[in-house]
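See structure below.
Please treat every number below as a calculation from the coordinates, not as lab data. Everything numeric in this text was worked out from a predicted model, so none of it was measured.
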Amino acid sequence: MNGLVIIFALIALLALFSTVNALKNKNILGIIFGLGTLGVFGWFTIMTVIHQGYPAA
């Protein structure tokens, strides 16, 4: 279950980079979907770390 934190965090980082790219290109739909994805997967990442703990290295 702890590997799920890593996957959620990677998706959240990709959503952050895509949102910044959409802001540079002034792509409104990209900004909306990027922020939505960042919010959802960022929240899942934070809550999974709080409830399941950080994955061991």
Over the Cα atoms of segment 5-53, how large are the radius of gyration and the largest Cα-Cα distance (Dmax), in Å? 11.7, 38
For the chain, what is the mean residue ellipticity at 222 nm derived from helices alone (per DSSP H run of n ≥ 4: -39500 (n - 2.57); sum divided by total residues; nearest 500 deg cm²/dmol)? -29500 deg cm²/dmol
As I understand it, the value is the acute angle between the Cα axis of helix 3-25 and the longest principal axis of the Cα atoms of the chain; what does it come to in degrees, rounded to 10? 10 degrees
Output ³J(HN,Hα) for segment 34-47: one whole-Hz value per residue in order, computed from phi by the Karplus curve 6.51 cos²θ - 1.76 cosθ + 1.60 with θ = phi - 60°, and x for Gly and Pro. x, 5, x, 5, 4, x, 5, 6, x, 5, 4, 5, 4, 5
